[in-house]
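Rule-based calculations on the coordinates, nothing more; no lab input. Owing to the predicted nature of the structure, the values given are computational and were not obtained by experimental measurement. Because the Cβ atoms are built from the backbone with ideal geometry, glycine has one as well, and the counts that use them run over all protein chains shown.
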Amino acid sequence: MIISVANQKGGVAKSTTAINLAAGLSLEGYKVLLIDTDPQANTTRVFIHSDVELEADKSLYNAIIKFSPLSPIIQETKTDNLHVVPSHIRLSSVDLELAQAFDNRSERLKKALSKVRDRYDYVIIDNPPSLGLLTINSFVASEKLIIPVSTGFFALTGLVQLQETIDMVKQTQLNPELEIMGVLCTFSDRTNVSRDVEDQLREYFGDQVFTTTIPKNVSLEEAHSNYTHIFDYAPNSSGAKAYKAFIKEVLTK
Ligand SMILES: Nc1ncnc2c1ncn2[C@@H]1O[C@H](COP(=O)(O)OP(=O)(O)OP(=O)(O)O)[C@@H](O)[C@H]1O
Ligand SMILES: [Mg+2]
């Protein structure tokens with residue numbers, strides 16, 4: 001199954017969710033490929049130490065721009081069954097570089113994935129905070145979407161635009177099958193704002209909202225600066241428990 005984690009709003013825990021979903025699934029014994037399409041390469045950096053220079057030639061950039069195969073750029077991680085496709089800052093110019101390209105510029109990730117997807121039970125795609133060509137490529141390549149929404153601030157404004165983009169991808173036949181798997185409340189705490197936002201999300205999206213909510217938990221942030229995921233860094237933390245429960249829900253969908 002190919003799942004995109006997306007929301008054009010920045011800092012809503014897309015990367016944190018993609019990383020820990022991918023890691024958690026691999027710990028359950030599934031073969032998982034985590035693809036970083038964000039030019040910021042935050043997710044890539046959790047698995048490739050900052051002492052190591054990232055190379056555009058060994059990143060998703062080559063697959064999107066030069067139609068290079070994914071196989072040679074897939075990297076193993078220290079977690080069994082978890083492989084990563086690195087991003088690169090040069091991906092930030094993809095919208096410009098492909099502005100004149102008319103040959104399937106929205107289907108490049110899908111094409112690249114078609115040759116490796118059989119090797120994996122799950123492909124998890126982390127996305128940039130935008131609705132540009134990289135995110136469109138992900139939506140075209142994906143079967144399901146997970147939309148993290150931060151309950152830390154008013155959140156609904158951007159969701160209409162996100163829904164319109166999803167509808168556009170479906171209606172233009174780029175990917176008629178694309179479905180929202182669920183909306184995930186992140187950064188939840190006991191404040192009124194957090195509770196209000198969660199209530200509004202449940203009202204708007206109904207049972208598309210995951211029952212599990214992800215609490216604010218500093219261990220989630222610390223795990224990344226320690227180049228690992230939450231199940232390795234702090235398996236008993238509230239963040240690890242929440243992501244574990246979330247993964248259980250994903251497995252039933
Ligand atoms: N539940 C949480 N509790 C505390 N900190 C968190 C939590 N989830 C994520 N963070 C931290 O918040 C910051 C933003 O999270 P993250 O990078 O996952 O968001 P993002 O949506 O991927 O951001 P961007 O839009 O920039 O890609 C990071 O520093 C991350 O470690
Ligand atoms: Mg991110």
(request) Could you tell me which of T79, V52, G152 has its Cα farthest along the dipole of the range 2-252 towards the positive end, charges placed at Cβ (Lys, Arg +1; Asp, Glu -1), taken about the Cα centre? (result) T79
(message) Per 0.36 nm of contour for each residue apart, how much would the distance between A99 and V218 grow if the chain were fully extended, relative to their Cα-Cα spacing?
(response) 38.8 nm
(request) With label points built 7 Å along Cα→Cβ from the Cα atoms of Q208 and Q161, find their separation and express it in nm. (result) 1.8
(message) Just to check I understand the Karplus step: with θ = phi - 60° and J = 6.51 cos²θ - 1.76 cosθ + 1.60, what whole-Hz values come out for the range 107-115, glycine and proline as x?
(response) 10, 5, 5, 4, 4, 4, 6, 4, 7
(message) Skipping prolines and chain starts, which residues have an amide H placed within reach, meaning under 5 Å, of the one on C185, given they are 5 or more residues away or on another chain?
(response) V149, F210, I214
(request) Give the long-range amide H neighbours of A13: residues separated by 5 or more places, or on another chain, with amide H under 5 Å away, using H modelled in the peptide plane at 1.01 Å from N. (result) none
(message) If you filter the range 29-105 for GluC sites (Glu not before Pro), then keep DSSP loop positions with at most 14 other Cβ within 10 Å, what is left?
(response) E53, E55
(request) Give me the Kirkwood hydrodynamic radius of the chain, using the inverse of the mean 1/r over all pairs of distinct Cα atoms, in Å to one decimal. (result) 18.2
(message) Can you compute the helix-only [θ] at 222 nm over the chain? Use -39500 (n - 2.57) per DSSP H run of at least 4 residues, normalise by all residues, nearest 500 deg cm²/dmol.
(response) -11500 deg cm²/dmol
(request) Assign one of three labels to the range 1-77, namely rounded, prolate or oblate, based on the Cα gyration tensor with a ≥ b ≥ c the square roots of its eigenvalues; rounded applies when a/c is under 1.5, prolate when it is not and a/b is larger than b/c, and oblate otherwise. (result) rounded
(request) Starting at the first residue of the range 215-231, write each ³J(HN,Hα) from the Karplus equation 6.51 cos²θ - 1.76 cosθ + 1.60 with θ = phi - 60°, in whole Hz, x for Gly and Pro. (result) x, 4, 7, 5, 4, 5, 6, 4, 4, 5, 6, 9, 6, 7, 9, 5, 6
